Amino acid sequence: DVKDELIDRFGKIPQAVLGLIDIAEIRNKAFGAGIYEIKQNESAILLYVKDIKSQVVSDFLMRFKGRCMINAGNKPYVAVKFEKYTLPLDALKEIFEIK
């Protein structure tokens with residue numbers, strides 16, 4: 001809706017603005033999924049979760065079979081691996097199913 005409104009008012013949306021909109025959507029979806037921090041570690045995205053036993057974590061494990069790992073230490077997280085040259089924003093868009 002935000003993109004449509006911007007197009008109606010200002011015309012074509014610059015790529016930088018589209019990136020900011022994607023980041024806002026990722027942050028919103030992450031918060032709703034109980035993810036409070038996101039980091040990149042080499043070729044993996046680390047999603048720090050409040051509850052390692054949540055349905056969201058189970059869903060990630062099912063969706064990213066063979067590419068997903070759980071660390072249940074003091075600060076639990078789910079790591080989702082990606083190809084070496086995948087941009088972090090593209091990886092996050094795939095994780096949170098943003099088109």
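Normalised by residue number, the volume inside the convex hull of the Cα atoms of the chain is 103 Å³ per residue. The number of Lys pairs in the chain with C-alpha atoms less than 13 Å apart, excluding pairs fewer than 8 positions apart on the same chain, is 7.
Considering only K12, K29, K65, the mean-square fluctuation computed in a Gaussian network model of the chain, springs between alpha carbons under 10 angstrom, is largest for K12. What's the FRET efficiency of L89 with K53 using the Cβ-Cβ distance as r and R₀ = 22 Å, to the nearest 0.05? With R0 = 22 Å, the Cβ-Cβ based efficiency is 0.15.
From helices alone, the chain scores -13500 deg cm²/dmol at 222 nm; the rule is -39500 (n - 2.57) for each run of n ≥ 4 DSSP H residues, then divide by the residue total. Spacing of the modelled spin labels on I21 and E37, each 7 Å from Cα toward Cβ, amounts to 3.1 nm. Once all protein chains are placed together, E97 keeps about 120 Å² accessible to a 1.4 angstrom probe. Entry comment: accessible area of the chain is 71 Å² per residue, from protein heavy atoms only and a probe of 1.4 Å. Of the solvent-accessible surface of the chain, computed with a 1.4 Å probe over protein heavy atoms with every protein chain present, carbon and sulfur atoms account for 54 percent. Converting phi to 3J(HN,Hα) with the Karplus coefficients 6.51, -1.76 and 1.60 and the offset θ = phi - 60°, segment 11-26 yields x, 4, 8, x, 4, 4, 5, 4, x, 5, 5, 4, 5, 4, 5, 4 Hz in sequence order, with x at every glycine or proline. Note on I70 and D1: the model spin-label points, each 7 Å out from Cα along the C-beta direction, lie 3.5 nm apart.
The values are calculated or read from the model by the stated rules, or taken from the named source; none is laboratory data. Quantities reported herein were computed from a predicted structural model and do not represent experimental measurements. Neighbour counts are summed over all protein chains in view; Cβ atoms, including those assigned to glycine, are modelled from backbone coordinates with ideal geometry. The protein model used for the area step is the full one, side chains on, heavy atoms only, and it has no ligands, DNA or RNA in it. Shrake-Rupley method; radii C 1.70, N 1.55, O 1.52, S 1.80 Å.
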